[in-house]
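Everything on this sheet refers to the single structure shown next.
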Amino acid sequence: MLTPYIKNVTVANGTIDGDKSAVAYVTLANPSIQTYSSKLFVHTLGTEGSFYPVSIRPGGTRTIKVELLDDDGQEIAGEARLYSGNLTESDGGLDQMGFVGTAGEQTETWNESFEPVRPTWMDNHYEYKNKTYAPSFGEKLSGGYEIGGIPIAYLVLSLFGIFVVVRRFR
């Protein structure tokens, strides 16, 4: 049986309501001869879930611009779920795709088995975690600010360490 699926995800810089934002362009395809009423739910390390009702014409594709709450210019990892029915039940799952990328560069994607989850409006809701692409302590502390590709928190700590050593040997 042919059903809609996630064809591609691309991480980019964009605008949402006139404000700069990290975005993901999620391309959906419907190879069937009927229209499906479905929903798209996207999680990233910084986005607790963006929800979009979607429908795709039979035999067509549609690209949805998804607002992400991750910092612009940073590597963004996440997953997109396409489903009909209830997000908490596997029988409504149509497709799921993992992705990681930086705006202006190639976004790496991979297919995943649909995993039912509790949406953000429910207690004990799902939170996306990815040990491979989690920001380091220094990146979190620096708030995305870098000098020469090095998080500013590491530079400040290094300068403080140099100050302590120099003061000690004076």
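The values are calculated or read from the model by the stated rules, or taken from the named source; none is laboratory data. Predicted model only: the values in this text are computed from it and were never measured. Cβ coordinates were reconstructed from backbone atoms using ideal geometry, including for glycine residues, and neighbour counts include every protein chain displayed. Side chains included, ligands, DNA and RNA excluded: accessible areas come from the protein's heavy atoms. Shrake-Rupley method; radii C 1.70, N 1.55, O 1.52, S 1.80 Å.
Set Lys and Arg Cβ to +1 and Asp and Glu Cβ to -1, take the dipole of the chain about its Cα centre, and tell me which of 13, 42, 25 lies farthest positive. Towards the positive end, the residue furthest out is 13. Hey, if you put +1 on the Cβ of every Lys and Arg and -1 on every Asp and Glu Cβ in the chain, which of 111, 100, 163 ends up farthest toward the positive end of that dipole? With unit charges placed on the Cβ atoms, the residue in question is 163. In the complete set of protein chains, residue-level accessible area for residue 128 is approximately 30 Å², probe 1.4 angstrom. Translational diffusion of the stretch 53-139 was estimated from the Stokes-Einstein equation, with Rh taken as the Kirkwood radius over Cα pairs; at 4 °C and 1.567 mPa s the coefficient is 86 µm²/s. Rolling a 1.4 Å probe across all protein chains gives residue 71 an accessible area of roughly 80 Å². Amide H to amide H, with H built 1.01 Å from N, residue 72 comes under 5 Å of 22, counting only residues 5 or more places away or on other chains. The angle separating the long axis of helix 152-168 from the principal Cα axis of greatest extent in the chain is about 20 degrees.
In a reduced charge model with +1 at each Lys and Arg Cβ and -1 at each Asp and Glu Cβ, the chain shows a dipole moment near 400 debye about its Cα centre. A Cα-only calculation for the chain places Rg and Dmax at 20.0, 80 Å. Proximity of backbone amide H atoms, modeled 1.01 Å from N, is registered between residue 102 and 76 at under 5 Å, excluding neighbours fewer than 5 places apart on the same chain.
As a test of reading the structure, rank 43, 125 by solvent-accessible area (1.4 Å probe, protein chains only), most first. Numbers along the way, then the final one.
Numbers: 43 0, 125 50 Å².
Reading off the accessible areas and sorting them downward yields 125, 43.
The solvent-accessible area of residue 147, taken with every protein chain present and a 1.4 Å probe, is close to 100 Å². Counting only C-alpha contacts under 8 Å and six or more residues apart, can you give the relative contact order of the chain as a whole percent? In percent, rounded to a whole number, it is 19.
Counting Lys +1, Arg +1, Asp -1, Glu -1, what net charge surrounds residue 64 among other residues with beta carbon under 13 Å of its beta carbon? Could you put the intermediate results ahead of the total?
Details: positive: 7, 39, 62, 65, 81; negative: 67.
For residues surrounding residue 64, the net value is +4.
Mean residue ellipticity at 222 nm, helices only, the chain: -4000 deg cm²/dmol; runs of at least 4 DSSP H residues each add -39,500 (n - 2.57), and the sum is divided by the number of residues.
Given Cβ point charges of +1 (Lys, Arg) and -1 (Asp, Glu) and nothing else, what value in debye, to the nearest 20, does the dipole of the stretch 43-97 about its Cα centre take?
On the way: 4 positive and 10 negative charges, 91 e Å.
Once rounded to the nearest 20, the dipole reads 440 debye.
Sparsely packed loop sites in the stretch 34-141 (the trypsin sites (Lys or Arg not before Pro) outside DSSP H, G, I, E and B with at most 10 other Cβ atoms within 10 Å) comprise 129, 131.
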